[in-house]
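Q: Have a look at this one before I ask anything.
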Amino acid sequence: MTKKHFVLATAGHVDHGKSALVKALTGTDPDRLPEEKARGITIDLGFAELILDWPDEQRFHIGIVDVPGHEDFVRNMIAGVGSVDLALLIVAADDGWMPQTEEHLQILTYLGVQHALFALTKSDLGNIDIITTQIRDRLRDTAFVNSQIIPTSTRTGDGIEDLKRALAMEFATLPQPRDVGKPRLFVDRAFTLRGIGTVVTGTLTGGKLRRGQTVAIQPQNFPARIRSIQSHGHDVEFTEPGMRTAINLPDAATGTSATAIKRGDVITIGDVAATAALDVLLERSPRLHGKDPVARALKNGISVYVHHGTSRVRAKIALLEAEAIGIGQSAIAQLRLASPILAMLGDRFVIRDPSEQHTIAGGIVLDPNGDRANFRSAAQIQLLTKRAAAPHDVDVCLQTELAGRGFSQSKTLLAKSNFSAAEISDALGRLQMQGEIVLRGEIVADADQWRDLYRRATELIDGAHREHPEKRGLDLADLRAASREQPADVFEALISDLCAKGFARTATVIARELHRATLPPQIQPAAAKIRETLGAKSFDPPARKEIAQDRHLQSAIRFLIEQGEIIEVGPDLILLREAAERMQSVVVAFISRNGPATVSELRQELGTSRRVLVPFLEHLDRRGITRREGDRRKLRDQENVYSTVNLLQ
Ligand SMILES: Nc1nc2c(ncn2[C@@H]2O[C@H](COP(=O)(O)OP(=O)(O)OP(=O)(O)O)[C@@H](O)[C@H]2O)c(=O)[nH]1
Ligand SMILES: [Mg+2]
């Protein structure tokens with residue numbers, strides 16, 4: 001028997017029999033508050049479980065969310081239907097299509113609910129044919145045009161089994177709720193149980209949650225550990241998308257403190273942060289009526305309520321281009337939220353007016369990391385325009401993301417989206433084949449911007465070769481300064497790309513592999529002069545500052561050092577390499593013969609001065625040839641001598 005999980009929500013006008021039908025289907029009365037019992041209406045969300053079997057060995061575990069129909073509680077209704085797989089829309093046979101039937105249908109449409117079933121309740125009160133025709137009429141041009149309509153009566157029991165069969169048939173054809181490895185539990189209740197602590201409930205979407213896992217409560221970004229998980233009263237090790245889920249978070253608090261957990265929060269994993277600006281495509285239903293106050297044009301700058309997941313936040317709308325959005329129109333906008341929420345690319349939401357009387361729009365998130373200052377930049381307009389045309393196309397979303405940002409770590413790319421890591425990496429492969437992007441290890445780059453960065457780097461290196469042919473190449477520090485706006489890992493990727501294509505780097509310099517430092521003609525006489533000066537008394541040459549009298553001499557010294565012809569022995573001492581090697585042999589031979597030697601003995605042996613010898617011996621110490629002991633130098637052990645002689649090069 002395969003077990004599948006789905007979540008279903010009721011919807012429909014007040015008093016049409018939603019809760020009675022849930023009770024008839026499941027045996028559970030979803031109205032749990034005393035006030036609900038007293039008033040005979042649903043105020044807040046109610047929950048029940050329905051298990052349905054299907055002949056091909058499938059068993060469906062359906063979490064039912066029962067919503068209130070009263071116009072005063074639409075905000076609770078929206079919190080209940082945010083992530084459902086199927087809607088059970090209810091129309092009473094004695095009343096027909098009413099204002100909240102219509103409003104709920106629009107809300108479901110804004111939220112992207114694709115599948116619905118209709119129960120024509122109170123069928124014992126007649127009018128079945130008339131109301132069926134009315135419903136069919138209202139469903140024209142909706143996603144639910146072919147939905148089944150099942151007459152039911154909780155009074156007589158008629159139709160209840162038909163409805164169960166119709167539901168099972170529907171679930172048998174529904175795809176499993178998506179698991180993209182990014183679990184989000186939209187919290188609809190948070191409470192404290194004596195001896196257990198904080199418990200939150202919600203509908204899980206996007207991925208699994210596991211017992212013992214560390215999660216983050218957003219938008220507070222507060223970490224917590226899952227001590228236990230239940231689904232419909234049973235302890236489970238993990239829950240998956242489509243499951244009503246209750247989790248025990250002993251580290252979290254309920255109440256009014258800033259970090260307290262409450263309806264509207266999201267339990268999630270990973271390093272994702274909430275934001276206070278969302279760039280979106282706003283849509284207004286063509287079903288709004290011209291006379292209706294809600295149908296007034298939605299103007300730039302107005303204040304609204306945004307409903308996303310189970311949260312409800314005040315926001316101001318900034319329209320990108322239009323001054324207003326009319327009935328049936330859509331436009332790109334930024335939602336400037338009064339407090340941050342964790343939304344993802346592709347999430348859907350509902351917009352209500354500030355008096356909370358009317359549902360006036362809905363839409364889809366195009367960029368969950370909106371930025372007020374950047375909203376109208378040419379790059380962002382291009383990103384939003386392309387995504388508005390294809391918000392579910394992972395290639396378009398990736399390509400626009402990289403065009404906007406230039407470079408990114410591949411593992412953080414579209415982290416806040418409803419695409420899985422596998423979908424993203426497939427898309428990266430495709431875009432690379434098409435030449436749109438460049439993949440370099442962990443780095444992904446927009447191909448144009450990568451070419452630009454690469455070209456600028458080669459120009460800088462070639463410039464350095466041209467202007468300073470006597471140097472080995474461009475200092476890496478200079479290249480880094482020139483590409484300052486790029487993060488370190490992009491810089492490293494750039495360097496390794498260059499090195500794969502005819503460039504070579506040392507610890508401090510990058511150059512074309514074929515570049516050989518040469519002295520420009522005007523400096524060649526200076527080099528000859530230096531060779532001559534150093535060679536004249538090669539064990540006791542003049543101090544560097546006496547030799548380096550002008551710019552040409554200084555450049556020539558640097559060049560000869562880089563070439564290895566001259567060795568920098570101390571701050572003010574340079575020697576010809578060949579002289580330094582001979583001096584070293586003399587020192588080694590003398591000590592081998594006579595044992596540890598003083599500066600004065602070695603000075604006499606070499607025929608040099610203390611000014612030269614003291615830094616030279618320190619140089620040999622640093623290289624592990626000699627070691628100072630008191631006022632004598634001894635050799636390091638013999639093996640070391642052989643292995644370190646080459647370090648002079
Ligand atoms: N005759 C008849 N009455 C029904 C039937 N189903 C529900 N009712 C009655 O209709 C009234 C409203 O039922 P509820 O189930 O509370 O309606 P609801 O849609 O849940 O209402 P809200 O949640 O407040 O929107 C109750 O008095 C029920 O007894 C039915 O099939 N036949
Ligand atoms: Mg009810």
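The values are calculated or read from the model by the stated rules, or taken from the named source; none is laboratory data. Just so it is clear, the structure is predicted and the values come from calculations on it, not from any experiment. So basically every Cβ, Gly included, is an ideal-geometry build from the backbone, and we count neighbours across all protein chains shown. Please note that ligands, DNA and RNA were not included when accessible areas were found on the heavy atoms of the full protein model with its side chains. Shrake-Rupley method; radii C 1.70, N 1.55, O 1.52, S 1.80 Å.
Q: Would you mind checking the tilt of helix 160-173 against the longest principal axis of the Cα atoms of the chain, expressed as 0 to 90 degrees and rounded to 10?
A: 20 degrees
Q: What is the calculated FRET efficiency for Asp540 to Ser592, with r their C-beta to C-beta distance and R₀ = 25 Å, to the nearest 0.05?
A: Given R0 = 25 Å and the Cβ-Cβ separation, E is 0.60.
Q: Place a point 7 Å from the Cα of Gln230 along the Cα-to-Cβ direction; which residues of the stretch 58-96 have their backbone N under 17 Å from it?
A: Counting only backbone N, you get 63-64.
Q: What is the set of long-range amide H partners of Thr254 at a cut-off below 5 Å, with H atoms built 1.01 Å from backbone N?
A: Residues meeting the amide H criterion: Ile261.
Q: If you don't mind, there's one more thing I want to ask. Mind listing the phi-derived Karplus ³J(HN,Hα) values for the stretch 264-277, rounded to whole Hz, using 6.51, -1.76 and 1.60 with θ = phi - 60°, and x for any glycine or proline?
A: Couplings: x, 6, 10, 9, 8, 10, x, 9, 10, 10, 6, 9, 9, 9 Hz.
Q: In Å, the Kirkwood hydrodynamic radius of the stretch 470-526 over pairs of distinct alpha carbons?
A: Final number for the Kirkwood radius of the stretch 470-526 is 12.5 Å.
Q: If you stretched the chain out fully between Asp475 and Gln148, how much longer would it get, using 0.36 nm times the residue separation minus the C-alpha to C-alpha distance?
A: The Asp475-Gln148 span can extend by a further 110.4 nm.
Q: Another question, if that's okay. In Å and whole numbers, how far do the C-alpha atoms of the stretch 310-363 stretch along each principal axis, longest first?
A: Cα extents, longest axis first: 27, 27, 18 Å.
Q: Using alpha carbons only, how many degrees (0 to 90, rounded to 10) separate the axis of helix 524-536 from the longest principal axis of the chain?
A: For 524-536 against the chain, the angle is about 50 degrees.
Q: Another question, if that's okay. Once the cut-off is 48 Å, how many percent of the Cα-Cα pairs in the chain end up in the long-distance tail?
A: Everything past 48 Å amounts to 40 percent.
Q: Report in % the part of the accessible area of the chain that belongs to carbon and sulfur, leaving out ligands and nucleic acids; probe 1.4 Å.
A: That fraction is 50 percent.
Q: On to the next question. With the dipole of the chain worked out from charges on the C-beta (+1 for Lys and Arg, -1 for Asp and Glu) around the Cα centre, which of Ser496, Val294, Thr359 lies farthest toward the positive end?
A: Ser496
Q: Just for the Cα atoms in the stretch 85-158, what are the lengths along the principal axes, largest first, rounded to whole Å?
A: Sorted from largest, the Cα extents of the stretch 85-158 read 34, 22, 21 Å.
Q: Further question: Calculate the FRET efficiency for Thr173 and Asp271 from the Cβ-Cβ distance with a Förster distance of 30 Å, rounded to the nearest 0.05.
A: Here the calculated transfer efficiency is 0.20.
Q: For Ala500 and Lys529 in the same chain, what is the full-extension length gain: residue separation times 0.36 nm, less their Cα-Cα distance, in nm?
A: Answer, rounded to one decimal: 6.5 nm.
Q: How tilted is helix 447-467 with respect to the longest principal axis of the chain? Cα atoms for both, answer in degrees (0 to 90, nearest 10).
A: Once rounded, the angle reads 10 degrees.
Q: Per residue of the stretch 537-548, in order, report the coupling 6.51 cos²θ - 1.76 cosθ + 1.60 (Karplus, θ = phi - 60°) as ³J(HN,Hα) in whole Hz, putting x for Gly and Pro.
A: 10, 5, 8, 9, x, x, 5, 4, 5, 6, 7, 7
Q: Another question about this same structure. Can you list the residues, at least 5 places off or on another chain, whose amide H is less than 5 Å from the amide H of Ile150, using H built in the peptide plane?
A: Phe118, Ala119, Leu120
Q: Could you check the spin-label model distance between Arg59 and Thr214? Points 7 Å from the Cα along Cα→Cβ, value in nm.
A: 3.7 nm
Q: Where in the stretch 89-116 does the label zone of Asp158 land, with the point 7 angstrom along Cα→C-beta and an amide N cut-off under 15 Å?
A: The answer is 92-95, whose backbone nitrogens lie closer than 15 Å to the label point.
Q: Provide the per-residue ³J(HN,Hα) series for the stretch 124-140, in order, calculated from phi with Karplus coefficients 6.51, -1.76, 1.60 and θ = phi - 60°, each as a whole number of Hz, with x at glycine and proline positions.
A: The phi angles translate into 5, 9, x, 6, 4, 5, 4, 6, 4, 4, 4, 4, 4, 4, 6, 8, 4 Hz.
Q: Could you list, in their original order, any pairs among Lys291/Lys416; Lys291/Lys386; Lys18/Lys386; Lys37/Lys262 whose Cα atoms are separated by more than 30 Å?
A: Lys291/Lys416; Lys291/Lys386; Lys18/Lys386
Q: Can you pull the Rg over Rh of the stretch 98-255, Cα-only, Kirkwood?
A: 1.08
Q: Provide the packing ranking of 303-312, 607-616, 39-48, i.e. peptides ordered by the mean count of other C-beta atoms within 10 Å per residue, highest first.
A: With the highest mean Cβ count within 10 Å placed first, the list reads 303-312, 39-48, 607-616.
Q: Here's something else I'd like to know. State the dimensionless ratio Rg/Rh of the stretch 1-85 (Rg: radius of gyration of Cα atoms; Rh: Kirkwood radius).
A: Ratio value, two decimals: 1.02.
Q: Another one. Could you name the lysines whose alpha carbon sits less than 28 Å from that of Lys501, not counting residues in the same chain fewer than 8 places away?
A: Straight-distance partners of Lys501: Lys411, Lys471.
Q: Moving on to the next point. Considering the options Phe616, Ser425, Val236, tell which one lies farthest towards the positive end of the dipole of the chain, charges being +1 on Lys and Arg and -1 on Asp and Glu at the Cβ, about the Cα centre.
A: Working it through, the farthest residue towards the positive pole turns out to be Phe616.
Q: List the pair-distance distribution P(r) of the stretch 211-278, using every Cα-Cα distance, as the percent of pairs falling in each 5 Å bin from 0 up to the bin containing the longest distance, rounded to whole percents.
A: 3, 16, 25, 25, 19, 8, 3, 1
Q: Now for a separate question. Could the peptides 181-192, 85-96 be put in order, highest first, of the mean number of other beta-carbon atoms found within 10 Å of their residues?
A: Per-residue mean Cβ counts within 10 Å order the peptides as 85-96, 181-192.
Q: Please list, in chain and number order, the residues 5+ apart from Asn418 or on another chain whose amide H is under 5 Å from its amide H, with Hs placed from the backbone.
A: Close amide H contacts, sequence-distant or interchain: Leu345.
Q: Quick one: grab the alpha carbon gyration tensor of the stretch 250-385, order the square roots of its eigenvalues as a ≥ b ≥ c, and give me rounded if a/c is under 1.5, else prolate or oblate depending on whether a/b is larger than b/c.
A: Oblate, since a/c reaches 1.5 and b/c is not below a/b.
Q: Next question, about the same structure. Report the Cα centroid-to-centroid distance between the stretch 56-125 and the stretch 254-292 in angstrom, as an integer.
A: Distance between centres, Cα-based: 21 Å.
Q: Check cross-link reach from Lys634 to the lysines: straight Cα distance under 27 Å, and skip same-chain residues fewer than eight apart.
A: List returned: Lys537.
Q: What's the whole-number percent of alpha carbon pairs in the stretch 323-472 lying beyond 17 angstrom?
A: Pairs farther apart than 17 Å: 69 percent.
Q: In square nanometres, what is one fourth of the surface area of the convex hull spanned by the alpha carbons of the stretch 429-471?
A: Across all orientations, the stretch 429-471 yields a mean hull projection of 3.8 nm².
Q: Follow-up. With +1 on each Lys and Arg Cβ and -1 on each Asp and Glu Cβ, how big is the dipole of the chain about its Cα centre, in debye rounded to the nearest 20?
A: 2180 debye
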